[in-house]
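Engineer: The structure's right below; bear with me while I get my questions together.
The values are calculated or read from the model by the stated rules, or taken from the named source; none is laboratory data. Note that the structure is predicted; figures quoted are calculated from it, not measured. Counting neighbours? That spans all protein chains shown, and the Cβs are built from the backbone with ideal geometry, glycine included. All accessible areas refer to the heavy atoms of the entire protein, side chains included, with ligands and DNA or RNA removed. Shrake-Rupley method; radii C 1.70, N 1.55, O 1.52, S 1.80 Å.
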Protein chains: 4
Amino acid sequence: MTADLDLDLDLDFAPIAKRIRESVGRQGFMAHIGAELSELARGSCTLAVDRRPELLQQHGLFHGGVTAFLVDNATTIAAATSRGQPALTAEYKLNLLSPAAGDRLICRARVIKPGRQVAVVAADVFCLMDGIEKHTATALASIAMLEKVPEKISSPA
Amino acid sequence: MTADLDLDLDLDFAPIAKRIRESVGRQGFMAHIGAELSELARGSCTLAVDRRPELLQQHGLFHGGVTAFLVDNATTIAAATSRGQPALTAEYKLNLLSPAAGDRLICRARVIKPGRQVAVVAADVFCLMDGIEKHTATALASIAMLEKVPEKISSPA
Amino acid sequence: MTADLDLDLDLDFAPIAKRIRESVGRQGFMAHIGAELSELARGSCTLAVDRRPELLQQHGLFHGGVTAFLVDNATTIAAATSRGQPALTAEYKLNLLSPAAGDRLICRARVIKPGRQVAVVAADVFCLMDGIEKHTATALASIAMLEKVPEKISSPA
Amino acid sequence: MTADLDLDLDLDFAPIAKRIRESVGRQGFMAHIGAELSELARGSCTLAVDRRPELLQQHGLFHGGVTAFLVDNATTIAAATSRGQPALTAEYKLNLLSPAAGDRLICRARVIKPGRQVAVVAADVFCLMDGIEKHTATALASIAMLEKVPEKISSPA
């Protein structure tokens, strides 16, 4: 791909990325978790969160719910990058592979199939231990691609 | 089943329920979400959480990550009730059915198959709107049943 | 619901049921398996197949692939009944609960959420042993609802 | 890894591979589908099947049930290679990505996590069209690893 094409894609993607960042910035739960949107590109998204006591379960590991939140959000955001359409999680499956120990949890999502009606997105979650990433979870999600934000969810109570 | 047998089961279950409640009480993330363990019985568990701004997404609905947390925790707890064995989420699949609006999110999990190695648990999530429960998500989970808490997760950093 | 409304629904459903039965009748794989469409109604579908040596695995049980075929087909057919729209499996998750022994395998699918874009359908599979049904598998599927059969799949080679 | 170690692994793996091939050879359903075990190695397995009318659905594509069968079998076989333990499908999730057209369906499964109790296995299915492989499905499976074949499934009726 030439630099010119890259530039064009960047120009197209910039307003989409801006809109997504603003939208994610309005998620109260994202702030409550303390997660950050650390990478955003066409077809992919990385979310990460640092270890804090209030994110853990009874054995001092990241709670599975934190992993699930990262997967839910990162897959939907990755889907939204592909065409700039609003995207809603339809479903996902999450396999926990190993204890989520360590100092930081990182979720990388990538679009496998950018469908117009349903996008399929994979995600892998890693925990950072002594500078080394360990694979802690893997997920597969179906994201409903919307024409526009439906009335019933665009007017919050 | 006779009343005597019921009583015996109750006697057996009391220490299991106590241990589960203590264990859940040590989850920092449970407190951070503000969820409560509202029902606990052999083979089932109900978790619930009231609406607060920090649990919402950008359209004022409960964030999908809150739903996922309830499913993750309720299915594992339900599995743990069946034999008193420690239980670890192996995987689950979650379908979001409708926008999670309303004042309260309620997740009911019930064991479908109480396996010794893997238990299968279903969960349904409802949101309470004007006193009426609306079905907002459904899930199917596989929970690994442990002989005892493995060393590597029983000694938190 | 009054008898008149029921009648109207029956009148509406008859041509949908006819179209579905014809479509399923053209599935070479359905005949190869020897499965039958034993029940069809608004929002539900039952498929069944009798035990034959060529449907088994190495231990004499129904092969998991037969269970998966029944789930795949029954969930899509159930979704197609709800509005008469063509339906395509987007994804499903299948949990095997117990060995699929016995003389007959029966899969019952029911629509949980009849969405216009994505329908959510649950299915349970039972094996008939000495006249008793045993729960052998449970599944949760997302079915893409199409406006019409897309060009690329309506013209078979 | 040195050549010596490779050799040792080959020596260890040969009897496992032999046992797996014999076991798969006794699956009536494998023969009924006409699938072949085209590759087998530590942690991976490839199954493939050529197009035949009796494997198709009403639009002339491979039936989703054929894809599901390949996924079910390939993921379990891949898990069985890792330690030579018998393996039973616990559950899987399958996303269909594009119409399964073409002359041949190929399913490649690889172990992601070779657990002692539960192995996690990913699978991708491709259809061969004019010599080019197209990605038609992706799946994620949990496979129960057994100590030995349980009594109840080792004595077929």
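Engineer: Residue check: is A:VAL49 touching a residue at least 12 places away in the same chain (Cβ under 8 Å), closer than 23 Å to B:ALA137 by Cα, more than 8 Å from chain B (Cβ to nearest Cβ) and in a strand (DSSP E or B)? Break it down into steps so the answer makes sense when it comes.
Structural biologist: Working: touching a residue at least 12 places away in the same chain (Cβ under 8 Å): yes; closer than 23 Å to B:ALA137 by Cα: no; more than 8 Å from chain B (Cβ to nearest Cβ): yes; in a strand (DSSP E or B): yes.
When the stated conditions are applied, A:VAL49 does not pass them.
Engineer: Tally up the residues in segment B:119-137 that are among the β-branched types (Val, Ile, Thr), in contact with a helix residue (DSSP H, G or I) (Cβ under 8 Å, 6 or more places away or on another chain) and within 11 Å of another protein chain (Cβ to nearest Cβ), please.
Structural biologist: Filtering segment B:119-137 down to residues among the β-branched types (Val, Ile, Thr) leaves B:120-121, B:125, B:132, B:136.
With the extra rule that they be in contact with a helix residue (DSSP H, G or I) (Cβ under 8 Å, 6 or more places away or on another chain), the set shrinks to B:121, B:125, B:136.
Among the residues that remain, those that are also within 11 Å of another protein chain (Cβ to nearest Cβ) are: B:121, B:136.
Total satisfying the criteria: 2.
Engineer: Let me ask you something else. Any chance segment D:9-17 includes a residue that's part of a helix (DSSP H, G or I), open to solvent by 40 Å² or more (accessible area, probe 1.4 Å), at pLDDT 95 or above and of a type outside the set (D, E, K, R)? Break it down into steps so the answer makes sense when it comes.
Structural biologist: Of segment D:9-17, the ones part of a helix (DSSP H, G or I) are D:9-17.
After this cut, where a residue has to be open to solvent by 40 Å² or more (accessible area, probe 1.4 Å) as well, the list is D:9-12, D:14-15.
Now drop any that are not at pLDDT 95 or above, which leaves none.
No, segment D:9-17 contains no residue that is part of a helix (DSSP H, G or I), open to solvent by 40 Å² or more (accessible area, probe 1.4 Å), at pLDDT 95 or above and of a type outside the set (D, E, K, R).
Per-residue answers, yes or no, for (1) buried (at least 20 other Cβ atoms within 10 Å of the Cβ); (2) at pLDDT 95 or above:
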{"site": "A:ARG104", "(1), (2)": "no, yes"}
{"site": "A:ARG116", "(1), (2)": "no, no"}
{"site": "A:ASP124", "(1), (2)": "no, yes"}
{"site": "A:ASP130", "(1), (2)": "no, no"}
{"site": "A:LYS134", "(1), (2)": "no, yes"}
{"site": "A:ALA137", "(1), (2)": "yes, yes"}
{"site": "A:LYS148", "(1), (2)": "no, no"}
{"site": "A:LYS152", "(1), (2)": "no, no"}
{"site": "A:SER155", "(1), (2)": "no, no"}
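Engineer: Additional query: Working carefully through the options A:LEU56, A:LEU61, find the one that is facing chain B (nearest Cβ under 7 Å), touching a residue at least 40 places away in the same chain (Cβ under 8 Å) and within 21 Å of A:LEU128 (Cβ to Cβ). Lay out the reasoning, then the answer.
Structural biologist: On the way: A:LEU56 fails: touching a residue at least 40 places away in the same chain (Cβ under 8 Å).
On inspection, the qualifying residue turns out to be A:LEU61.
Engineer: Which of the residues that make up segment D:88-100 are closer than 20 Å to A:VAL120 by Cβ and either in contact with a Gly (Cβ under 7 Å, 6 or more places away or on another chain) or assigned to a strand (DSSP E or B) (or both)? Working first, answer last.
Structural biologist: Our first condition is that a residue be closer than 20 Å to A:VAL120 by Cβ; within segment D:88-100, this holds for D:91-100.
Once the filter is applied, which keeps residues that are closer than 20 Å to A:VAL120 by Cβ and either in contact with a Gly (Cβ under 7 Å, 6 or more places away or on another chain) or assigned to a strand (DSSP E or B) (or both), segment D:88-100 yields D:GLU91, D:TYR92, D:LYS93, D:LEU94, D:ASN95, D:LEU96.
Engineer: Being in a strand (DSSP E or B) and within 14 Å of chain A (Cβ to nearest Cβ) is the filter here; which residues of segment B:18-41 pass it? Even if it seems obvious, please write down each step before you answer.
Structural biologist: To start, the set of residues in segment B:18-41 that are in a strand (DSSP E or B) comprises B:36-41.
Selection gives B:LEU37 alone.
Engineer: Tell me which of these B:SER44 doesn't satisfy, since it passes every other one: (1) hydroxyl-bearing (Ser, Thr, Tyr); (2) open to solvent by 20 Å² or more (accessible area, probe 1.4 Å); (3) at the interface with another protein chain (Cβ under 9 Å from one of its Cβ atoms).
Structural biologist: Among (1) hydroxyl-bearing (Ser, Thr, Tyr); (2) open to solvent by 20 Å² or more (accessible area, probe 1.4 Å); (3) at the interface with another protein chain (Cβ under 9 Å from one of its Cβ atoms), the lone unmet condition for B:SER44 is (3).
Engineer: Suppose we filter A:THR67, A:THR81 for residues that are closer than 29 Å to D:ALA119 by Cα and hydroxyl-bearing (Ser, Thr, Tyr); which single one remains?
Structural biologist: Values: A:THR81 fails: closer than 29 Å to D:ALA119 by Cα.
Result of the check over A:THR67, A:THR81: A:THR67.
Engineer: Evaluate the following for C:SER82: is it touching a Pro at 6+ places or on another chain (Cβ under 7 Å), more than 7 Å from every other protein chain (Cβ to nearest Cβ) and over 17 Å from D:PHE29 (Cα atoms)?
Structural biologist: Details: touching a Pro at 6+ places or on another chain (Cβ under 7 Å): yes; more than 7 Å from every other protein chain (Cβ to nearest Cβ): yes; over 17 Å from D:PHE29 (Cα atoms): yes.
Criteria met by C:SER82.
Engineer: Just need a number here: residues in segment D:84-102 that are hydroxyl-bearing (Ser, Thr, Tyr) and surrounded by 20 or more Cβ atoms within 10 Å (Cβ to Cβ).
Structural biologist: Initial filter on segment D:84-102 (hydroxyl-bearing (Ser, Thr, Tyr)): D:89, D:92, D:98.
Okay, now just the ones that are also surrounded by 20 or more Cβ atoms within 10 Å (Cβ to Cβ), so D:89, D:92.
Of the residues in that region, 2 qualify.
Engineer: If you check B:THR81 against the conditions, is it under 19 Å from A:LYS93 (Cβ atoms), touching a residue at least 24 places away in the same chain (Cβ under 8 Å) and either surrounded by fewer than 21 Cβ atoms within 10 Å (Cβ to Cβ) or hydroxyl-bearing (Ser, Thr, Tyr) (or both)?
Structural biologist: Judged against the criteria, B:THR81 is not a match.
Engineer: Here's a follow-up. When you look at D:GLY84, is it modelled with pLDDT under 95 and not β-branched (Val, Ile, Thr), yes or no?
Structural biologist: So D:GLY84 fits the description; yes.
Engineer: Ok, one more. Select, from B:GLU39, B:GLU22, the only residue that is open to solvent by 20 Å² or more (accessible area, probe 1.4 Å), closer than 25 Å to B:ALA119 by Cβ and in contact with a Ser or Thr (Cβ under 6 Å, 6 or more places away or on another chain). I'd like the intermediate steps shown before the answer.
Structural biologist: Working: B:GLU22 fails: in contact with a Ser or Thr (Cβ under 6 Å, 6 or more places away or on another chain).
Matching residue, one of B:GLU39, B:GLU22: B:GLU39.
Engineer: Turning to a different aspect of this structure: Checking B:LEU140 against (1) touching a Lys or Arg at 6+ places or on another chain (Cβ under 7 Å); (2) more than 11 Å from chain A (Cβ to nearest Cβ); (3) not in a helix (DSSP H, G or I), which single condition isn't satisfied?
Structural biologist: The number of the failed condition is (2).
Engineer: Give the residue, chosen from D:THR67, D:THR75, that is more than 19 Å from A:ASN95 (Cβ to Cβ), more than 7 Å from every other protein chain (Cβ to nearest Cβ), under 11 Å from the mean Cα position of the chain (by Cα) and not in a strand (DSSP E or B).
Structural biologist: On the way: D:THR75 fails: more than 19 Å from A:ASN95 (Cβ to Cβ).
Exactly one of D:THR67, D:THR75 is more than 19 Å from A:ASN95 (Cβ to Cβ), more than 7 Å from every other protein chain (Cβ to nearest Cβ), under 11 Å from the mean Cα position of the chain (by Cα) and not in a strand (DSSP E or B), namely D:THR67.
Engineer: Could you check, for segment B:101-118, whether at least one of its residues is under 19 Å from A:PHE29 (Cβ atoms), facing another protein chain (nearest Cβ under 8 Å) and assigned to a strand (DSSP E or B)?
Structural biologist: No, there is no match, as no residue in segment B:101-118 is under 19 Å from A:PHE29 (Cβ atoms), facing another protein chain (nearest Cβ under 8 Å) and assigned to a strand (DSSP E or B).
Engineer: Could you tell me whether B:ALA41 is modelled with pLDDT under 95 and more than 30 Å from A:THR76 (Cα to Cα)? Let's see the steps before the verdict.
Structural biologist: Working: modelled with pLDDT under 95: no; more than 30 Å from A:THR76 (Cα to Cα): yes.
No.
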